Amino acid sequence: MKQPLQQTEIVAADSEGVAQAARLLCAGRLVAMPTETVYGLAGDARNAAAVAAIFAAKGRPSFNPLIVHVASVANAQRIAELPQAALLLASRFWPGAITVVAPLRTGHGLAPAVTAGLNTVAIRVPAHPLAQMLLAKFDGPLAAPSANPSGRISPTTPAHVLAGLEGRIAAVLDGGACAVGVESTIVGFEDGKPVILREGGISREAITTCLGACPTHTTETAITAPGQLASHYAPRATLRLNANDPKPGEIWIGFGPQCHKAKLTLSPKGDLEEAASRLFAVLHEADATGQPIAVAPVPDHGVGAAINDRLRRAAAPRSG
Ligand code: TXA
Ligand code: MG
């Protein structure tokens, strides 16, 4: 459903700005909030109208549940029944780029649409200082999917947010560019055993070290996170993977010194963390040229697994 346009204000990264963002959220309005991964489109997770507005602003299908952001593990435990393995991950990686999916606790207080009617909830404690300040000031759970129109490239700067959502949200809290650059890793649990539902900012290797066991990965046939749908993060142009050279007319995104001729690069020195932090900005930039996009190979270890996951989805054929 199309919403009427509204003025989207850019709110400064200071205590007055955070107070203003919190006031808007308390009034049921939507604020794009910086996190260390990507910008989130935040709304009061207890307010059914605010949650409905998130789905409407993004054009997100109502069956795709949202991530809830809270200030602390204790707050997460008021909402979700965290299994032992989730608590281990939380104590090691929160605040930070990992989301756990766990059963809802009775009396959780969330609007049912947040979880799309599921009896589980995806929850995390973000590390970005502005997100923490905002959660403290707002003093409640914030539902916040990535602040992009559904299916498009995720935003890592206020400009990306505005390009996709200006006029559809009340404000953007300006935290500059996001440091991690890819979304959180989502971990669910089956019989207490961890399952990676989405690769992300915390690597599989780090999770394995923390838990002392290697998590499994959901198969394509057992999708429980619609963010895993094949065509996602879609640029307007086509995207070709593992391109060691560009074809005529293509805009080439390089990785590493061997790609020094590339117009755009994820990381000139071949650093995966740098590549993750630049991934969505470089995709936005390549897409703006209107040319078909070719991307150099990226190693698949560490945060490279999340980068390749996003690139594969960006390259997938579109469904309509
Ligand atoms: O880093 C991030 O995770 C960012 C920042 C803003 O926190 N958020 C983010 O949200 O990426 P979003 O909505 O774009 O992706 C959330 C993913 C979706 O793929 C959704 O299907 C999945 O989490 N999800 C949410 N609740 C779930 C649940 N109960 N079970 C399984 N998957 C769930
Ligand atoms: Mg998203």
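The values are calculated or read from the model by the stated rules, or taken from the named source; none is laboratory data. Computed from a predicted model, the values in this text were never measured in an experiment. Cβ coordinates were reconstructed from backbone atoms using ideal geometry, including for glycine residues, and neighbour counts include every protein chain displayed. The area values use the complete protein model at the heavy-atom level, side chains included, leaving out ligands, DNA and RNA. Shrake-Rupley method; radii C 1.70, N 1.55, O 1.52, S 1.80 Å.
The table below gives the values:
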item	result
Within the chain, helix-based [θ] at 222 nm, where runs of 4 or more DSSP H residues each add -39,500 (n - 2.57), nearest 500	-9000 deg cm²/dmol
Chain lengthening between F63 and L118 when straightened (0.36 nm per residue, less Cα-Cα)	18.9 nm
By average C-beta atoms within 10 angstrom, highest first, the peptides 137-148, 290-301	137-148, 290-301
Evaluated over the range 59-140, the Cα radius of gyration and Dmax, each in Å	12.4, 36
Span from the the range 71-92 Cα centroid across to the the range 166-183 one, whole angstrom	26
Karplus 3J(HN,Hα) series, Hz, for the range 257-271 with 6.51 cos²θ - 1.76 cosθ + 1.60 (x for Gly, Pro)	x, 5, 9, 4, 7, 5, 5, 10, 9, 6, 7, x, 8, x, 9
11 Å reach of a label modelled at Q258, 7 Å along Cα-to-Cβ, counting backbone N of the range 282-320	297-299
Rel. contact order, % - alpha carbon contacts under 8 angstrom, at least six apart, the range 51-132	42
Cα-based convex hull, the range 147-295, per residue volume (Å³, whole number)	146
Spin-label pair C214/D245, simplified geometry with 7 Å Cα→Cβ offset, distance in nm	3.6
Evaluated at q = 0.15 Å⁻¹: base-10 log I(q)/I(0), Debye formula over Cα of the range 1-121	-0.76
The range 118-212, accessible area per residue, ligands and nucleic acids excluded (1.4 Å, Å²)	34
Extension gain (nm, one decimal) between T238 and A52, 0.36 nm per residue minus Cα-Cα	63.8 nm
Accessible area (Å², 1.4 Å probe, nearest 10) - T238	90
Computed over the chain: relative contact order in percent, which uses C-alpha pairs under 8 Å that are six or more apart	20
Counting all C-alpha pairs of the chain, share separated by more than 34 Å (%)	19
Portion, in percent, of the accessible area of the range 41-122 that falls on carbon or sulfur, probe 1.4 Å	57
